[in-house]
Amino acid sequence: MFNIGRLDAQTEGLLLLTSDGDLAQNLTHPRYRIEKEYGVTLDRPWDPELASKLLRGIFLDGERARIARLHSVSPVRLRVVLRQGINRQIRRMFEAVGYRVKDLIRVRIANLRLGDLPRGHWRPLTKRELESLYRRAPQ
C-alpha cells in the first residue's frame, strides 16, 4: 500500500492510499507540482502585506519554499495551495513571518476534494475520481 501525501501528527485531512506505486510516485514527486490545498487557522489576524513574502518564497533548510496561492477566508483563516512537499512547510513558513498555525487541514489533492467526509472515515474513490487522478498524473 502506498500513500499519496503524508500528514504530520498535528495536521488532519485528505490522505489517499493506493496499491498503484506508479500513481503514488507521479502524484507525490515534487517535479510534477501536483497541487495540495489546505485550510489554515492562524493564532491572530493575518496581515495581507506578508502574502508576497510567502509567494516569493522563504528558505527552509537551504531550499526555497513557496506557497503557490493564498486566499483569505476570514481574519484568521486562509486557504493555501502548495506544489511542493517540504516537511511541515506551511507551519514553518508561517512561523518565519511571525505566526503560529493553530489548525491545518488538507482539503484537496489535485482535483480530489475532502468534501464532507467525517474525520477518521474513509471511502473508496469513484471510477470518475480515479480516472481523473490518472489523467493528472504524468505518464
222 nm mean residue ellipticity, helices alone, for the chain (DSSP H n ≥ 4; -39,500 (n - 2.57); rounded to 500): -6000 deg cm²/dmol
Given charges at beta-carbon only (K, R positive; D, E negative), |dipole| of the stretch 1-135 in Debye: 220
Cα-based Kirkwood hydrodynamic radius, the stretch 2-116, one decimal, Å: 14.5
Length gained when the stretch Arg88-Thr18 is fully extended (0.36 nm per residue, less Cα-Cα span): 22.9 nm
Positive-end extreme of charge dipole, the stretch 2-116 - chosen from Phe2, Thr28, Leu14 (charges on Cβ): Thr28
Rough spin-label spacing in nm, given labels placed 7 Å along Cα→Cβ, for Leu50 and Tyr32: 3.3
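Values in this text are rule-based calculations from the coordinates and carry no lab data. Just so you know, these numbers come straight off a predicted model, no measurement behind them. Neighbour counts run over all protein chains shown; Cβ positions are idealised from the backbone, glycine included.
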